[in-house]
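Q: Have a look at this one before I ask anything.
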């Protein structure tokens, strides 16, 4: 079976680094929010998902045994686009690994929120990894570096 990396970030450099993780056994899906929102709604109403419209994707999660979810931390929450993706998909019986990009105290809260969303979707997050956005950009490693380092694979 294969691994799917699902990521969402507002930072183009982070998007590029996530895209570099694609290989023969790992597929990458970038979530894109098609809804038009103001700065206030994007950054301060991060729990609201009613106005989120994701770009269509043709991925069947049944083809994957491991799903890696990577998202930005936004004021202690995860990105609404990631929240919508998790709520629309069945994560039961999947090995789910979560990565949260950010700095400061909000990263732990966002990690807890991501773990909660996964459990509400029927899945279990085997681990939640906090990744400093600054270090991620500076080291220019792909996401699998952090997963392997944390899980000692």
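The values are calculated or read from the model by the stated rules, or taken from the named source; none is laboratory data. Please read these numbers as outputs of a predicted model, since none were measured by experiment. For neighbour counting, all protein chains shown are included, and Cβ atoms are generated from backbone atoms with ideal geometry for every residue, glycine included.
Q: At pLDDT 55 or above and over 22 Å from residue 87 (Cβ atoms): is that true of residue 21 in this structure?
A: Yes: the conditions hold for residue 21.
Q: Going through the range 70-96 one residue at a time, which ones are under 13 Å from the mean Cα position of the chain (by Cα) and under 22 Å from residue 145 (Cα atoms)?
A: 70, 71, 72, 73, 78, 82, 96
Q: Scanning the range 27-41 for residues that are surrounded by 14 or more Cβ atoms within 10 Å (Cβ to Cβ) and under 15 Å from the mean Cα position of the chain (by Cα), which turns out modelled with the lowest pLDDT?
A: Step by step, filter the range 27-41, then rank; the result is 33.
Q: Is one or more of the residues making up the range 65-77 under 19 Å from residue 31 (Cα atoms), without any contact (Cβ under 8 Å) to a residue 40 or more places away in the chain and out of contact with any strand residue (DSSP E or B) (no Cβ under 9 Å at 6 or more places or on another chain)?
A: The answer is yes; a qualifying residue exists.
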